[in-house]
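Asker: Pasting a structure below so you can have a look.
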Amino acid sequence: MLFEQNKIALIWDFDKTLIPDHMQKPLFEKYGISQRDFWNEVNKIPVDLEEQGYRVNKEIYYLNHILTYCKSDKFSGPNNETLRELGKN
């Protein structure tokens, strides 16, 4: 091996096996975002994109939409500290 590489683990609860709700619920609650509105948007956008000739993975599109919320300040500056704090609950 030419250089040392860190091992990184990713925990992703997309089927509600670790918690009873969507894992994004603490984030929505912190920023006052309606879960229903967010998921309605997430479900609608891929359909709109397909009508324009684009294909997206509907199962993980919500990750793109979270980034959209971060860029639009709906999620005002989440950082590692905030995410760690939200993950404690």
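Each reported figure results from applying straightforward, stated rules to the coordinates on display, with no laboratory input. Small disclaimer: the values here were computed from a predicted structure and weren't measured.
Asker: Specify which labelled value, from (1) 18.4, 53; (2) 18.2, 50; (3) 15.7, 48, agrees with Rg and Dmax of the Cα atoms in Å derived from the coordinates of the model shown.
Answerer: So the structure-derived entry is (3).
Asker: Follow-up. Tell me which lysines have Cα within less than 23 Å of K71's Cα, excluding those fewer than 8 residues away on the same chain?
Answerer: Here the lysines satisfying the reach criterion relative to K71 are K25, K30, K44, K58.
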